[in-house]
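Inspection log for the structure reproduced underneath, given as structure tokens.
Please treat every number below as a calculation from the coordinates, not as lab data. All of these numbers come straight from a predicted model, not from anything done at the bench. Here Cβ is always computed from backbone atoms with ideal geometry, including for glycine, and neighbour counts include all displayed protein chains.
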């Protein structure tokens, strides 16, 4: 319960303050209009990337289902792409950077592996050789 409160404080207090600080610093360096234009451009490029990556994952998902396989990797990628889209829609450079990183397939692979290992550890799932999944 305590960890959840910490996450909520981070999400609703620390992240917006950090975003505001970065926006002010960028605004002072490049001017207010340029900063606003940059935020809009990053959001537009991000939206295009979300669509492109989302369609790619959707096609892989369909191929896996048609082949009779469980599309676990594709579902995980889809969730990360949706999360990236949400981050890109929120105003700010820090969330944009994280959102764009999540759209990169190699970054998603690293995040997916880390999340799967953590979930397996929490569930106590072990591979046949006795190591954590």
Plugging the Cβ-Cβ distance of residue 104 and residue 5 into 1/(1 + (r/R0)^6) at R0 = 35 Å yields, to the nearest 0.05, a FRET efficiency of 0.65
Out of every Cα pair in the chain, what percent are spaced more than 17 Å from each other? 69 percent
Comparing 44, 18, 114, which has the greatest mean-square fluctuation in the GNM of the chain with Cα pairs linked when under 10 Å apart? 114
Over the chain, what relative contact order in percent results from Cα pairs under 8 Å that are six or more residues apart? 21 percent
Structure-based [θ]222 nm, the chain - -39500 (n - 2.57) summed over DSSP H runs of at least 4, per residue, nearest 500: -27000 deg cm²/dmol
If you take the beta carbon distance between residue 69 and residue 48 as r and set R0 to 22 Å, what does 1/(1 + (r/R0)^6) give as a FRET efficiency, to the nearest 0.05? 0.15
